[in-house]
Amino acid sequence: MKTRMLKMVILFVLALVVGQGQAEPMGTAFTYQGRLIDANDAADGEYDFEFKLYDDPCTGTQQGSTIYASEVYVIDGYFTVGLDFGGVFDGNDCWLEIGVRPGDMNDPNVYTTLEPRQEVTPTPYAMYAKTAGSDGGDNLGNHTATQNVRLNGYWLSSDGDSEGVYVDNNGNVGIGIEEPVEKLEVNGKVMADNIGSVFTRWGTSTPPLGCSLLYWGYGYGGFYSQTGGGEPIVIQTGDPGGMMNNNGSLFYPLHTSSGYTYMPPGITPACYVKAAVCYVDAPTTVIWGTHSAPAGWTVLYRGYAMSAHYTYYAPKATICVECEAFDQSANSGSNNYSLLYGAKVGVAAPGDGVLQSRCIKCAVIRKN
């Protein structure tokens, strides 16, 4: 029987999934690499190894079964073996005890136990994250996730109740909702930066409460008796373009007509129409025929529909002009440029007889 002085110099320990593809779940095997010194020299040749896992660096209880690796090639002291103790990594500290003998010795009792036991580095505990310490599925407990968390039919919330994030087996995600039928369903209001809408508040230079002013200016449109021009726009003053000598598409100041009989309630005749271009962090739309918002929406401003006289050419669009805070500070006098008239229902559709000859209400509303 040969006897040799053996000792182990541990260089590093790696925990790697062995033979796994992305479509397969993570296994419990990992790769162990070390360096063996035999009689003060780097070992070369075949050696047999014995591996045991303990819960204490000196005594303790063995965890899992004993693993034998026979006839392992050692080159310049370096060797690599694959180990699989099963699902023993539960977050507690573990130490690896290694026995070794030359490969030409067959006596099972002559393994030399190397000291000290080697503490298992944190890397193999990546396997523990697969089950998060539970045999029945994902149960994050008090663990802090530092990488992606995979959920299938479970809640991710501070106390495990149903107010958090839910992911079903089809990959549908629900926030505050169980059994989502779409890829993402949210029960409640969603707040996000840079998600909103831009709208024009015609009739004043100030934004509604809770909205931001992008800029204000006067409305411009086509001359009331001309076929050119276009739909009303808001031109910011103070930044003129290049000079144009020939007449192309001509725009004129937008103003209300001079007769009160043509004006809806709250809107002053013979006034230049100011406008505020505004931003709000929610979807917006114009609702015609009412000053009220449907459920789940809020009114930003109320007004009346205004457009060109039915016998004139311009303006070429209908706008909702503020009626509760109309700015009458800029009087247009007797000028006739791009004229706005109140819009009314000339002939009512079936069932809408109550609207006959009535001014058309409007409101700009936002989603709650």
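Read-outs: derived from the displayed coordinates by stated rules, not from any lab. Computed from a predicted structure; not experimentally measured. Neighbour counts run over all protein chains shown; Cβ positions are idealised from the backbone, glycine included.
On a full-extension model of 0.36 nm per residue, what is the gain between Glu119 and Ile175, subtracting their alpha-carbon distance, rounded to one decimal in nm?
16.0 nm
Obtain the radius of gyration and the Kirkwood radius of region 177-306 from its C-alpha atoms and give Rg over Rh.
Here Rg/Rh amounts to 1.08.
Kindly flag which residue pairs out of Lys183/Lys367; Lys274/Lys361; Lys274/Lys367; Lys189/Lys361 have an alpha-carbon separation exceeding 27 Å in this structure.
Long pairs (Cα-Cα over 27 Å): Lys189/Lys361.
For region 174-280, run through the trypsin sites (Lys or Arg not before Pro) and keep only the ones in DSSP coil with at most 15 other Cβ atoms within 10 Å of their Cβ.
Counting only loop positions with at most 15 other Cβ atoms within 10 Å, the trypsin sites (Lys or Arg not before Pro) in region 174-280 are Lys183, Lys189.
Starting from the amide H of Thr285, placed 1.01 Å from N in the peptide plane, find each other amide H under 5 Å away whose residue is 5 or more places distant or on another chain.
Ile365
Quick check on the exposure proxy: order His255, His309 from fewest to most C-beta atoms within 10 angstrom.
With the sparsest Cβ surroundings first, the list reads His309, His255.
Can you give the FRET efficiency for Asp168 and Asp84, using 1/(1 + (r/R0)^6), R0 = 30 Å, r = Cβ-Cβ distance, to the nearest 0.05?
That gives a FRET efficiency of 0.40.
What is the Cα radius of gyration of region 235-368 over 2.2 N^0.38 Å, N being its residue count?
So the Cα radius of gyration is 1.18 times the expected 2.2 N^0.38 Å.
Find how much the distance from Asn247 to Asp281 grows on full extension, using 0.36 nm per residue of separation minus their present alpha carbon separation; answer in nm with one decimal.
Extending this stretch completely gives an extra 8.2 nm.
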